[in-house]
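One structure is given below, encoded as C-alpha cells.
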C-alpha cells in the first residue's frame, strides 16, 4: 500500500463499491461541522447585534442560506433537471434577500449619518458606513460558508455553474424588463417623430415586400425576396434528416434517398441561380428607369415582367416559404443537436430558461400586490412628510411605467446583482483567495474575521471583537479539520473523540488568547483619538510586528 | 515514514495583517490588541510538533478465521500506543483486498490514544473464494493542532491472509439448465416413434413398417410413417457486423462484444448439454480470424472440431468488436455502411434485403450473406442468432430460414438504452424489430444488459433444448 494515495482518496477502499453509501461517506465529518455551524451562528449573532445591524444581517443571512441550498442542489446527481430548476428559482430570492438586507441597513446608516457637520465628519461617517457594510457582508459570507461546508459544496466549479445558471435565468427577465420599459417610454412620452418614423418605416417595408405598385416591374425587391426564399428552402432541405429517416425505402422503383438528393440538388441550383442573378436584378431594378425598360422590351414581355414581379400572391408565398423554411431549419438543427444528448442534460440545460420564464410569469401574476406591499413598507419606514412625498413620486413612476414593468425590472436588477456577486465569488475562487478544497470553511472563517475586524472600528465592546476573531479562527479550523478527516477517513468511521479533542484544543487556545488580549488592553487607552496614536499604541504595533516576524522566522 | 508540516495557520498571518492595516487606517489601537488572537493561533501551530511520538502498533484478527464463501468475517484491528507521548490524532486505513467487500463498519478510523492505551477498530467483509492477503495498514499521526503530520505503513501483527476455500467445485453453468439431449422433431414422416401418417406401399419400404392389420382387413399394402426425428444441430451465429458495434454508453461494451460473450456462454452450455453446435460469425475481416477466413467469409467451427477452434471464432469477434470506436459506428439501425466500408465480404448491405425478402419468397437469393449462410446450413439445423438487432437484417434472415424450415432463436443484448431521445427512438425501433421477428415465427430473448446473462441464457436454452 502506498500510504500517500490511500489516505487521501476514497478510490481504493473496497467499501466504495457501495456507491450510495460512499457518496455520503466522504463528506466533512459531523461533529466538527456542527462546531462550524454553532460557531458561525454565535459569531454572526454577536457581531451583528454589537454593530447594530441585526435586522439587515438576519435578512441577508437568510439569503445566504438560500444560496447555500442552491449550491447544494447543483451537486445533486440524481434529479438533475428538477434540482437545476429549483436552484435557478432559488437564486433570485437569495440575491433579493442579500441585496435587501445590505441595502436596508446601508440606507438606515446613510440616513443617520448625513448631513455631516463638517468635512472631517464626512470622512469619519464614510469610514463608519464602510465598517457597517463590511460587517454585513462578512456575516453574509460567513453564513454562506457555514451552510456550504456541511457538504463542502462551495467549490469553484459549483460557484461557476451557479453563475452560469443565474445569467441564463436572468436573460429573459432583463429582456422583458427592457422591452416593457422601452414600450412605456415610447408610448407614454409620445415622442411623436420616433413613433411616426417607425410606423412609416414599417409600412414602407411592408409595401415594398408585399404590395408594390402594380404598374411598373419591381425587379429588385422581387429578386431579393426570391433569393432569400430559395436560400432558406435549400438550408431547410439540407438540415432535414431525410436520408436518415428514409433509409432504403422506395417509392415504386426509386429510392426515397435518391429523390431527396435530386430535390436537394434542384434547390441548390435554384438558390445559386437566384444568388448569382441578384446583382444583375438589383442593377436593372435600381439603375434602369422603368421608362427605359418599357422602351427596350416588347410590350408583352414588359407586361409579363411587371405582372410577375408585382404579384402580391407570389410574394406572400415566397415570404411564407422563407418563414416555414427557417422554422424547419432551426427545429431540425435543435433536434440534431439534442438527439444524442442525455435527456437529463437536455432538461438541466433548459431549466434556467424555464426559471426565467417562471419569474416573469410570476411577476405578471402578482405584480400589483408585490409592488403595493413594497411601497407601503418603504413609506411606513419614512417620516410623515417624507412618506407623502415618496407616495406621490412612486405613484407617478408606477403610473408612467406600469407596476408590472417595475416589478420585472426589480427582479431583473436583483438577478443581475446576484450574477455580479457570484462572479466576484468565482473570481475569488479562481484567483486562489478561497481555496477550492476548503471553500466553505474559508468563507465562514474569513467572513467572520472580516466582520470582527470591522466591528472593531465601530463602537463595539472589545470582548465582542476578540471573541468574534477567536470564533472566526476556530470555525475555519473546525471546518478544515472536518473536510480533511471526511476525505481521509469518511463519515462512517468513529471520529468523534478525535474531533472533540481537536476542537477543545483550538477553543482553549482562543480562550487564552482572548484573556491575554483583554489583559493587554488594560494597558492601552481605547477610543478613537483621531490623528494621535499614543506611545503605547505604537509600542503595541511594534510588538505585534515583532511576534509576526519571529513566527515567520521559526518556520 | 513521511513527515509533513502543513502551514495551516498561515491565514492567521493574513488576519494579523488585516487587523494591523485597519488599526492604522482607523487609528484604532484596539485592533492591534485584537491581533493577539490570530498570532496566538499561528504560534500554537508553529510550536506544536510530533517529536517524540512513535507510530502505534497494530494487530489484526479474523473471526471466523477460515470462513465458507459468502460468510461475513469480522476483521478486528487492535491499535496500541506503545510510545511515551499521547497521540491526539491517529488516522488508520486498513488495506482490504479489492475482492472483499466491506459490508458493515469501516476499515478506516480516527483515534486518540494516551500512552499505553489500546483501541479496537472492527468491520465486516464478505468472504469470497480464495486466499486474500491484507496489506499493511496506513497510519497518519497528527498533533492536536493538526499542523505536524507523519504518514507511515505499519506491518500488522496477527492474521494477514483470509483463506476461504470451497470443498465442492463451482457448479458449472450447464447443470442449472435442463439436461435433455437435443433431438429435433420434424414435420416430415420417416423413421421415428410417434405416428405421423400412412401412405400406400412403395417398393423398397421396410417390411417392418407395413401395416399388416390393414393388409389382413383390406388386402391393400400400406406403409406407416412415423414422425421423423433427427439429432439437433445448433448453429450459433454471432453478429459482429459494423452496425452491431454500437454501444449503450461511452465506456460500455458494444453490441458485438456482448454478442460474443453471450454466444460463448451459450456455446458452452449447449456443448455441455451434448448438443452438436456450430459457431459462425458475421462481419469479420480476414485479419480478425487466425489463419484467415474461408472464401465465403464465414468461419464455420463445430463442437466436433474442438472447443479451441470455437474460441478462435469468439476471439475474432472480439477483435472485430474492438476495431471501431463507438464514434465511427452508425447507431441508427437504418443507416448501414456500404460493404467496402465494412471490410469483409460478410458485411453485405443488410437492410436492402428486407423488402425484397417480402416480395421474393427466398430472400436469401438477394442477400449475399444470407445466401452463404443458407448454403452452409444442413437441413436439420436450428439457428441461434446472437445480435443486438439494430437493423432489419435479422428479420430477413428469419424469413429466409422460416421458408427453409429452420427454427430460429434470437438472443439479443439491448444496447439501445433510453437516456437520450435518439436512444429512445432506437430502442423503440429495436422493440418493433423483435416483434417482427416473433411474427416470422422466431423465438426472441431480449437480454437487458443490466440483468445477469444467466437469466437470458436460461430462457434461450429452454427454447433450444425443449425439442426432446
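Would you pick out the residues in the range B:219-276 that are in a loop (DSSP other than H, G, I, E, B), surrounded by 24 or more Cβ atoms within 10 Å (Cβ to Cβ) and at pLDDT 80 or above? Scanning the range B:219-276 gives B:240, B:241.
Checked against the criterion of being over 41 Å from the mean Cα position of the chain (by Cα) and more than 8 Å from every other protein chain (Cβ to nearest Cβ), the candidates B:112, B:133, B:86 yield just one match: B:86.
Residues in the range B:406-413: is at least one in a loop (DSSP other than H, G, I, E, B) and at pLDDT 85 or above?
yes
For the range B:101-145, which positions are in contact with a helix residue (DSSP H, G or I) (Cβ under 6 Å, 6 or more places away or on another chain) and farther than 13 Å from residue B:73 by Cα? Result: B:110, B:112, B:138, B:140, B:144, B:145.
Looking only at the range B:37-71, which residues are over 23 Å from residue B:91 (Cα atoms) and more than 14 Å from chain A (Cβ to nearest Cβ)? Selection gives B:63, B:64, B:65, B:66, B:67, B:68, B:69, B:70, B:71.
Against the test of being modelled with pLDDT of 90 or more and under 18 Å from residue A:38 (Cβ atoms), the options A:485, A:512 yield a single qualifying residue, A:485.
Condition check for residue B:34 on (1) at pLDDT below 90; (2) within 10 Å of chain A (Cβ to nearest Cβ): one failure, at (1). The set of residues from the range A:9-55 being assigned to a helix (DSSP H, G or I), at pLDDT below 85 and exposed (fewer than 15 other Cβ atoms within 10 Å of the Cβ) comprises A:17, A:19, A:20, A:23, A:24.
Here are B:110, B:27, B:88: which of them is free of Cβ contacts under 8 Å to residues at least 24 places away in the same chain and buried (at least 21 other Cβ atoms within 10 Å of the Cβ)? Answer to the selection: B:110. Is it true that some residue in the range A:455-466 is facing another protein chain (nearest Cβ under 7 Å), over 19 Å from residue B:28 (Cα atoms) and buried (at least 24 other Cβ atoms within 10 Å of the Cβ)? No: zero hits. With respect to (1) at pLDDT below 65; (2) more than 14 Å from every other protein chain (Cβ to nearest Cβ); (3) outside any loop (DSSP other than H, G, I, E, B); (4) out of contact with any helix residue (DSSP H, G or I) (no Cβ under 7 Å at 6 or more places or on another chain), the lone exception for residue B:364 is condition (4).
Considering the range B:72-83, the residues that are without any contact (Cβ under 8 Å) to a residue 40 or more places away in the chain and surrounded by fewer than 20 Cβ atoms within 10 Å (Cβ to Cβ) include one that is farthest from the other protein chains (Cβ to nearest Cβ), namely B:82. Residues in the range A:481-506 that are facing chain B (nearest Cβ under 7 Å), in a helix (DSSP H, G or I) and touching a residue at least 24 places away in the same chain (Cβ under 8 Å): 4 in all.
One residue alone among A:418, A:472, A:444, A:478 is within 9 Å of chain B (Cβ to nearest Cβ) and crowded, with 20+ Cβ neighbours inside 10 Å, and that residue is A:472.
Only one of B:418, B:391 is modelled with pLDDT under 85 and either crowded, with 24+ Cβ neighbours inside 10 Å or in a loop (DSSP other than H, G, I, E, B) (or both); which?
Numbers: B:391 fails: modelled with pLDDT under 85.
None of the others qualify; the one that does is B:418.
The values are calculated or read from the model by the stated rules, or taken from the named source; none is laboratory data. Being a predicted model, the structure only gives us computed values, none of them experimental. When we count neighbours, we look across all protein chains shown, and the Cβ atoms used for this are built from the backbone with ideal geometry, even at glycine.
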